[in-house]
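Values quoted throughout were computed directly from the atomic coordinates according to the rules given, and no laboratory measurement underlies them. Bear in mind the structure is a predicted one, so any value in this text is a computation, not a measurement. Positions of Cβ are backbone-derived with ideal geometry, glycine not excepted, and every protein chain shown enters the neighbour counts.
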Amino acid sequence: MSAVEDIKRQLEVATTHYERCVEKLEKFMEGEKGDRLEELKRNLRVKKWTDTDEKEAWIEEKEDLEKQEKKLEASKDRWELQMEKLQDTLIELERPPKRPRSEPDKTKFLCENLIQPFDTLPTHAGQLVDLINRPLLAKLPVCLYSDLGKFRELDDCIYYDEIDRASELAIVIKAALSETRFTQIKTEIQLAGAVDRLITFPLELLCSNSDFQIEFSRNANERRYTTKSKSTPATIKNTRPDLLGYVKDVVVIKNEEKAARIDLETAKEELISKFSKLDPLYFGNIQFLICFAVAKDIMCFYAIDGPSKTLVPLSTELYLYDLKARYTSVKICINIVRILKTMITKNAFPAKVIPLGKSLDFGHSTITFFEDHVQKVVPESELYGLEKDCKRVDTLKAVSYTHLTKIEFFLFIYKLCILFYNRN
């Protein structure tokens, strides 16, 4: 059994356990025990007690139910973390390798032919519709050493060349077009791996060979970090998009991923509800944000229009079980890089900006700027004097966001000054 097959088998086992834990937790919360726990919490909070023994019995029952709930949540979180680690390992194992070659890699040359700036600089979302659907400037090289008929229906769009097919670009393009796992997706973690092969890896390669870098950050990484840290109530995995892409610290692309087709509308709604306010503090004068929604095997590209805060469709719904739909996704990625190249060439990116949603290191803690709040993450080991005082730590965690608004506002201004001071 190969390493990839072994990791896939482990991932299937972890996914099965995770789904069972989620089901058990849902049954607990929606069943008699969950209703009883809510009733106990409510009554203990509002009821005026005269019988001390009865109150203690209720408290004991509540604590017992809370222990059961925490045990189920801990089990679910443990398997979710295991799934994420296995998925990360699988992504690295499946990342297209650099093939040994006697000829120099022509990726840089091939990308220069594909990635030429557009004549006009897009200034609003509506202008992206035409640009993102433009025909490519050249055919795409594909790495095929056998089964040359695999992509025969794309003969007008791709080519096989003895030298070019050994390039890293040809390897990545072939991997993207061959990504057929979308119909088998059961969880968002599995979906993330497929999206990386189809979208993220090509974007990274194209940008790095076009004289600029794009940096991606997944929400799963934030969840893993916070499992070992204490933080403000802002640490909720639904406060940031599933995937963010940065160029020069500006968010230039984001996405929302759902494991079921029926959740496509939810994914589209979350594109607007998360990081859709194009504040000059984070975006400078840029008035649009490219994004895409994925629901199992359906993908659709959009742009958020800054002034109106609305979604502008950039593509039709692409059904990724179809080869031509996967090619269209790759073509859109290439045109996105051309748009970014145009913006860089015409100095459209701000000189200084706060990276929205990206964790910034400040000593032993991290600061993350969101649209309407700032999150500070402090490792438990740095909570001097509170290491053994779990109740006080829990109290800090339980403080509501409304009570933290003023504190976080002043923290935001303070860290903003530090950030600009350091960059100067």
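Below, the figures for the structure above:
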read-out: Kirkwood Rh in Å, taken over the range 285-331 so that all alpha-carbon pairs contribute; value: 11.4
read-out: Hz values of 3J(HN,Hα) by residue in the range 28-39 - Karplus curve (6.51, -1.76, 1.60), Gly and Pro given as x; value: 5, 5, 8, x, 4, 5, x, 4, 5, 5, 5, 5
read-out: Where a label projected 7 Å from the Cα of Arg134 along Cα→Cβ would reach, residues of the range 335-371 with amide N under 15 Å; value: 335-346
read-out: Residues with amide H under 5 Å from that of Ala295, placed H, sequence gap 5 or more; value: Lys258
read-out: Ala259 versus Phe212: modelled label distance in nm, points set 7 Å from Cα along the beta carbon direction; value: 3.6
read-out: For the range 276-369: Kirkwood Rh in Å [reciprocal of mean 1/r, alpha carbons]; value: 15.4
read-out: Rounded, prolate or oblate (a/c below 1.5 giving rounded, otherwise prolate when a/b exceeds b/c) for the range 1-134 by Cα gyration tensor; value: oblate
read-out: Alpha-carbon gyration tensor eigenvalues x 5, square-rooted, for the range 15-76, Å; value: 29, 10, 7
read-out: Mean separation of Cα contacts under 8 Å (6+ apart) over length of the range 241-353, as relative contact order %; value: 22
read-out: Peptides 195-205, 25-35, 118-128, 253-263 ordered by average Cβ neighbours within 10 Å, highest first; value: 195-205, 253-263, 118-128, 25-35
read-out: Phi-based couplings in Hz for the range 13-26 (Karplus 6.51, -1.76, 1.60; Gly and Pro marked x); value: 5, 4, 5, 4, 4, 4, 5, 5, 5, 4, 5, 5, 5, 5
read-out: Inter-site label distance for Phe109 and Lys352 at 7 Å from Cα along Cβ, in nm; value: 4.4
read-out: In order through the range 276-283: 3J(HN,Hα) via Karplus (6.51 cos²θ - 1.76 cosθ + 1.60), integer Hz, x for Gly, Pro; value: 10, 8, 7, 5, x, 4, 10, 10
read-out: Interatomic Cα distance distribution for the range 327-382, bins of 10 angstrom, percent; value: 19, 27, 27, 21, 7
read-out: Overall dimensions of the range 173-216 by Cα: Rg and Dmax, Å; value: 11.9, 37
read-out: Over the range 116-177 - Rg/Rh using Cα atoms and the Kirkwood inverse-distance radius; value: 1.11
